[in-house]
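Enquirer: The structure is given below, and queries will be raised subsequently.
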Amino acid sequence: MSDDATPGSSSSAVPRGAEITDAERLLLRVLREIWCEMGAVSAQNFRPAGQDQDLMSVDRGDKSSPAESFDRSVALRPVGVAGLTVAEVRGASLKAFDDPEDAPPNPAHAVVDFRNLKRKEQERRSKLLRARAAQRGCLHPSGFVLQFPC
Amino acid sequence: MSGDLLEFAKPRFDGDRFEGHLLPLEVLPALNAYGDLVLEVARRVVTDQEGSIKVPKGFNQAFELSLKTIGPGSAIPEILLRDSEWSSLVQQAREIVSDTIAAVNAGEELPGGFPLESLSQLEKIGKVLKGSETITFRSPPKRPSIYSLETLETLRQRQKKPTQKVTQVYAGVFGVDFDKKSIGMRLSSGRAVRGRFEPALENLVNIAVARRTWTRLRAEAEALVDSVDGVVGVTEILSGRTVSCSSHELVGPMLDRLNSFFESDAVRTEFGLPARGQRSWGERFLGGLMVENGVPKPHLYPAENGSLRCEWMHNGWDVSMEVSLAEEKAYLHALSLSTNEESDHEVGSAGVAASRAEIAAWLGKYLVLAPEREFAP
């Protein structure tokens with residue numbers, strides 16, 4: 001995941017690749033420090049920000065390790081990396097797409113599509129994603145405990 | 001005075017006397033009264049926000065309104081404001097004045113930021129009007145604020161209403177002048193009032209002001225009571241106690257975190273957090289929900305477009321509230337992670353006490369609201 005890969009940054013309005021259909025594929029999501037209070041992770045970490053044009057950035061777990069995703073996002077002051085499978089994303093009525101980036105290069109970059117959703121639908125989906133990610137816990141840094149309040 | 005001149009207001013005078021862009025000299029007192037009224041309201045705004053009884057040094061001297069030209073169409077004098085460090089507060093006062101005129105016309109409760117003692121000043125503006133003449137201080141898309149002779153009559157009727165009696169007052173304390181035995185309080189309606197207290201109550205007042213962020217004063221007082229607005233003024237506190245639905249241990253960290261957002265340039269810039277006035281509003285709003293309505297301490301985060309996001313988790317319910325500081329609106333959402341049951345709710349004018357009670361009632365369906373407790377000295 002690149003520095004501009006999480007909320008508050010820009011992605012293309014249309015995914016640059018095909019839908020990721022491998023249900024077991026792990027997707028990595030960087031969690032921002034500003035959206036964690038005393039370790040409690042905000043659901044805002046699991047939805048795109050306005051500048052993301054409704055595409056939430058993630059990294060494919062088969063092309064990036066949690067540590068690599070974390071290191072690519074230092075400008076966003078990450079606090080940890082969470083994981084979601086494609087099946088879990090679909091369970092929240094969302095789809096994931098490949099979205100490799102050129103500058104800076106990040107072939108692992110992918111997006112979860114939040115386009116055309118009303119506010120209530122976005123809220124629901126981000127909370128569902130947080131609940132699923134909570135079951136897996138923080139993938140990086142190892143041993144770091146984030147409280148997913150579930 | 002060295003600041004630039006800012007466009008401040010363009011009140012539009014409509015009526016026969018104002019045709020041909022004429023503004024008869026006899027109506028100039030209305031503009032003078034308007035300027036004096038804005039200053040009075042601005043003084044209240046600044047003392048409320050500073051949490052003090054007195055205005056900051058230099059405030060009165062920095063206030064300068066000037067008349068520029070008569071604009072086209074109906075008679076539209078252009079009023080300019082000399083720029084100073086308090087310009088945004090004066091502009092806030094201008095909006096409060098317009099909101100007050102609109103509220104008078106609609107027969108509604110007056111905005112909390114409008115000092116009731118300034119009603120007579122507001123009345124002076126209308127004394128120059130004749131027949132069907134009007135002065136429009138604000139036009140759509142904002143809520144129109146049109147002063148007519150009907151407005152003046154409603155104001156006169158309204159001013160007759162308050163009666164003095166001993167009654168219960170519930171208020172937050174924001175300032176004390178121990179020399180003058182004067183106490184500044186904010187009622188649940190958001191209205192700031194000032195009253196006196198007897199020397200015997202100095203200990204109570206001292207404690208109430210020291211605990212002002214997390215307690216409220218429940219007092220018996222000689223008060224001015226209006227059939228429309230309830231308690232609109234406090235003459236003297238007779239007895240009282242400090243109460244709260246929360247605690248210093250809960251409210252303090254919430255306020256510290258809120259303030260940390262505003263103290264960080266990076267956070268303020270990224271999330272578009274607004275100016276100091278809205279920050280104070282945010283403190284009062286979130287603090288009020290905890291202290292007065294018993295809402296549990298939220299996890300607090302900055303959100304987009306100058307908003308704050310509160311999150312709670314209770315009994316499998318994932319509950320959130322996003323509060324727009326600039327618009328003073330709240331969006332609430334709750335999702336049961338076990339049953340997928342879901343609900344949302346939007347509240348406009350979230351700063352009004354009735355709306356805050358509505359928010360607390362909605363949150364109370366998913367969270368446990370704490371009851372009020374007394375905190376002895």
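Enquirer: Using only DSSP helix segments of four residues or longer, with each worth -39500 (n - 2.57), what per-residue ellipticity at 222 nm results for chain B after dividing by its residue count and rounding to 500?
Expert: Using -39500 (n - 2.57) per qualifying helix, the result is -10500 deg cm²/dmol.
Enquirer: With a Förster radius of 22 Å, plug the Cβ-Cβ distance of residue B:341 and residue A:23 into 1/(1 + (r/R0)^6) and report the FRET value to the nearest 0.05.
Expert: 0.25
Enquirer: Over every pair of different alpha-carbon atoms in the stretch B:194-337, take the mean of 1/r and invert it; report that Kirkwood radius in Å.
Expert: 17.2
Enquirer: With unit charges on the beta carbons (Lys and Arg positive, Asp and Glu negative) and the dipole taken about the Cα centre of the protein assembly as shown, which residue among B:103, B:303, B:28 sits farthest to the positive side?
Expert: B:103
Enquirer: Test of the criteria: in the stretch B:1-104, which GluC sites (Glu not before Pro) are in a DSSP loop and have at most 13 other Cβ atoms within 10 angstrom of their Cβ?
Expert: B:85
Enquirer: Can I ask one more? Based on the Cα atoms of the stretch B:163-244, what semi-axes does the equivalent ellipsoid have, where each is the square root of 5 times one gyration tensor eigenvalue, given in whole Å with the largest first?
Expert: For the stretch B:163-244, the ellipsoid semi-axes come out as 19, 14, 11 Å.
Enquirer: Once you have a ≥ b ≥ c as the square roots of the Cα gyration tensor eigenvalues for the stretch B:100-232, tell me rounded if a/c is under 1.5, and otherwise prolate or oblate according to whether a/b is larger than b/c.
Expert: Note, shape of the stretch B:100-232 comes out prolate.
Enquirer: Per q in 0.11 1/Å, what log10 I(q)/I(0) does a Debye calculation on the alpha-carbon atoms of the protein assembly as shown return?
Expert: The calculated log intensity ratios at q = 0.11 Å⁻¹ are -1.01.
Enquirer: Averaging sequence separations of C-alpha pairs under 8 Å and six or more residues apart, then dividing by the length of the stretch B:68-207, give the relative contact order as a whole percent.
Expert: Across the stretch B:68-207, relative contact order equals 17 percent.
Enquirer: Still on this structure, I have one more. Using the crude model of +1 on Lys and Arg Cβ and -1 on Asp and Glu Cβ, and no other charge, please compute the dipole size for chain A relative to its Cα centre, in debye to 20.
Expert: For chain A, the charge dipole is close to 700 debye.
Enquirer: Mind checking which lysines have their C-alpha under 21 Å from residue A:63, skipping anything on the same chain fewer than 8 residues away?
Expert: By straight Cα distance, residue A:63 reaches A:95.
Enquirer: May I pose another question? Scattering from the C-alpha atoms of the stretch B:66-124 alone, worked out with Debye: what is log10 I(q)/I(0) at q = 0.16, 0.18, 0.28, 0.30 1/Å?
Expert: Those come out to -0.68, -0.82, -1.09, -1.13, one per q.
Enquirer: Also, I was wondering about something else. Across bins of 5 angstrom width beginning at 0, how are the C-alpha pair distances of the stretch B:5-160 distributed, in whole percent?
Expert: Taking every Cα pair in the stretch B:5-160, the percentages come to 2, 9, 19, 23, 21, 15, 9, 3, 1, 0.
Enquirer: For residue B:166, project a label point 7 Å along Cα to C-beta. Then give me every residue of the stretch B:211-240 with its amide nitrogen under 15 Å of that point.
Expert: From the stretch B:211-240, the list is B:219-224, B:235-240.
Enquirer: Another question, if that's okay. Rounded to the nearest 500, what is chain A's calculated 222 nm mean residue ellipticity when only DSSP H runs of at least 4 contribute -39500 (n - 2.57) each, over all residues?
Expert: Helix-only estimate at 222 nm: -6000 deg cm²/dmol.
Enquirer: Any chance you could list P(r) for chain A, counting all Cα-Cα pairs in 5 angstrom bins from zero, rounded to whole %?
Expert: Per 5 Å bin, starting at zero, the Cα-Cα P(r) for chain A comes out as 2, 11, 22, 26, 23, 12, 3, 0 percent.
Enquirer: Given a cut-off of under 8 Å on Cα pairs at least six residues apart, what relative contact order in percent is computed for the stretch A:26-136?
Expert: Relative contact order of the stretch A:26-136: 34 percent.
Enquirer: Another question, if that's okay. With a ≥ b ≥ c taken as the square roots of the eigenvalues of the C-alpha gyration tensor of the stretch A:26-88, please select rounded if a/c is under 1.5 and otherwise prolate if a/b is larger than b/c or oblate if it is not?
Expert: Rounded, since a/c falls under 1.5.
Enquirer: Let me ask something else about it. Equivalent ellipsoid semi-axes for chain B, as square roots of 5 times the alpha carbon gyration tensor eigenvalues: give them largest first, rounded to whole Å. Show your work: numbers first, answer last.
Expert: Values: eigenvalues 281, 132, 83 Å².
Computed over chain B, the values are 37, 26, 20 Å.
Enquirer: Among the chymotrypsin sites (Phe, Trp or Tyr not before Pro) in the stretch B:94-186, which ones are in a DSSP loop with at most 14 other Cβ atoms within 10 Å of the Cβ? Mind listing them?
Expert: Passing sites in the stretch B:94-186 are B:178.
Enquirer: Which of the helices in chain B meet the span-like rule: DSSP H, Cα axial reach of 24 Å or more, Kyte-Doolittle mean at least -1.0?
Expert: Once both thresholds are applied, what remains is B:28-50, B:87-106.
Enquirer: Projected onto the charge dipole of chain A (+1 at Lys/Arg Cβ, -1 at Asp/Glu Cβ, origin at the Cα centre), which of A:78, A:117, A:107 gives the Cα projection farthest towards the positive end?
Expert: About the Cα centre, the residue reaching furthest to the positive side is A:117.
Enquirer: Mean separation of Cα pairs under 8 Å and 6+ residues apart, divided by the residue count of chain B: what relative contact order is that in percent?
Expert: Over chain B, the number comes to 12 percent.
Every number here is computed from the coordinates shown, using simple stated rules; none is lab data. Not measured: the values here are computed from a predicted model. Here Cβ is always computed from backbone atoms with ideal geometry, including for glycine, and neighbour counts include all displayed protein chains.
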